[in-house]
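Heads up, the thing below is written out as structure tokens.
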Amino acid sequence: MKRRLAAGNWKMNGTMASLSEIAALAVAHTAPTVDILICPPATLLARAASLAADTPLMIGAQDCHTAASGAHTGDISAPMLADAGAQAIIVGHSERREDHKETSALIADKARAAHAVNLIAVICLGETLAEREGAQTLAIIADQFHASLPDTATAANTVIAYEPVWAIGTGLTPSTAQIAEVHDVLRALLTDRLGKTEADGLRLLYGGSVKPANAAEIFAIPNVDGALVGGASLRSQDFSPIITALEDA
């Protein structure tokens, strides 16, 4: 059976002092029955990887360039991130799609770059509030899925995170029925693309205002294999109960 995954995206937050939160998580979860991934900012990645080296925690990055090296000032390649200790890379987060105008084709190339150095690509998909209110959610998700998932994707090297843009950091959460509908569609799309065995093994995460108070309800939804958590992952006292809820699901 696939192990569920609790992933934390620190976004543009964290200094050296924040590494104590990773240490606290490692102490609290010495033998977790789920996978735990923390994606700190690039400035902390190597130190976080060193700190987590002898623990069950995995460390990941928040983005990468499509090229392995070259004249790309300010960018970081997947091989460089792997060298720093990353085990996974988030690609296609809605904040990258919006703030940096990243296309699904570019995101597929980034996922392919992660795969090339044996890193897990966490590919994010999600609709805006206007798209949700316009009954376009399933069409948007399908379009993003087809264009963002590279031909190198497998259950072992890829995770898909459904993050409705309107729920990220807003405190708003879709209904369990809305989450279930999208996750069921994603599983069906994966089956068409990869075949049933591979599709069943690929983890689908939900992200968007996940917190200790609603985690258990979200994790009880079929085809939800974990969560990609933003703000609540910054402090171990908030993230730890979410991990425990996933273990108990």
Completion exercise
In the stretch 109-142, residues that are over 19 Å from Val185 (Cβ atoms) and among the small types (Gly, Ala, Ser) total 6
Handout entry: Out of Thr197, Thr191, sole residue that is farther than 28 Å from Ala130 by Cα, touching a helix residue (DSSP H, G or I) at 6+ places or on another chain (Cβ under 7 Å) and either aromatic (Phe, Trp, Tyr) or in a helix (DSSP H, G or I) (or both)
Key = Thr191
Exercise for the section: May I ask you to say which residue of Ala24, Ala31, Ala46, Ala67 is surrounded by fewer than 22 Cβ atoms within 10 Å (Cβ to Cβ), touching a residue at least 12 places away in the same chain (Cβ under 8 Å), in contact with a helix residue (DSSP H, G or I) (Cβ under 9 Å, 6 or more places away or on another chain) and not in a helix (DSSP H, G or I)? Expected result: Ala67
Handout entry: Unique residue being over 23 Å from Ala88 (Cα atoms) and part of a helix (DSSP H, G or I) when the list is Ala232, Ala245, Ala216
Key = Ala216
Exercise for the section: Considering every residue within the stretch 175-184, establish whether at least one is outside any helix (DSSP H, G or I) and not small (Gly, Ala, Ser). Expected result: no
Practice task
Being out of contact with any helix residue (DSSP H, G or I) (no Cβ under 7 Å at 6 or more places or on another chain) and closer than 24 Å to Ile160 by Cα is the filter here, so list the residues in the stretch 1-21 that pass it.
Solution key: Met1, Arg3, Leu5, Ala7, Lys11, Met12, Asn13
Handout entry: Single residue of Gly208, Gly171 found to be surrounded by fewer than 19 Cβ atoms within 10 Å (Cβ to Cβ) and part of a loop (DSSP other than H, G, I, E, B)
Key = Gly171
Fill in the blank from the handout: The correct count of residues that are in contact with a strand residue (DSSP E or B) (Cβ under 7 Å, 6 or more places away or on another chain) and either surrounded by fewer than 23 Cβ atoms within 10 Å (Cβ to Cβ) or modelled with pLDDT under 95 (or both) in the stretch 231-247 is 0
Completion exercise
Of the residues in the stretch 75-101, those that are within 18 Å of Tyr162 (Cα to Cα), in contact with a helix residue (DSSP H, G or I) (Cβ under 8 Å, 6 or more places away or on another chain) and either buried (at least 20 other Cβ atoms within 10 Å of the Cβ) or small (Gly, Ala, Ser) (or both) number 6
Practice task
Search the stretch 101-121 for residues that are among the hydroxyl-bearing types (Ser, Thr, Tyr) and pair each with any residue that is part of a helix (DSSP H, G or I) and surrounded by fewer than 21 Cβ atoms within 10 Å (Cβ to Cβ) when their beta-carbon atoms are under 6 Å apart and the residues are at least 6 apart or on different chains.
Solution key: Ser104/Ala147
Handout entry: Pairs where the first residue, in the stretch 233-249, is basic (Lys, Arg) and the second is assigned to a helix (DSSP H, G or I) and surrounded by 22 or more Cβ atoms within 10 Å (Cβ to Cβ), C-beta under 9 Å, 6+ apart
Key = Arg235/Glu21
Completion exercise
Among (1) within 27 Å of Ala28 (Cβ to Cβ); (2) under 15 Å from the mean Cα position of the chain (by Cα), Gln237 falls short only on (2)
Handout entry: Close pairs (9 angstrom Cβ cut-off, 6 or more residues apart or separate chains): basic (Lys, Arg) in the stretch 201-221, surrounded by fewer than 18 Cβ atoms within 10 Å (Cβ to Cβ) anywhere
Key = Arg203/Lys2; Arg203/Arg3; Arg203/Ala155; Lys211/Gly171; Lys211/Asp238; Lys211/Pro241
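The values are calculated or read from the model by the stated rules, or taken from the named source; none is laboratory data. Small disclaimer: the values here were computed from a predicted structure and weren't measured. Cβ atoms come from the backbone with ideal geometry, glycine included; neighbour counts cover every protein chain shown.
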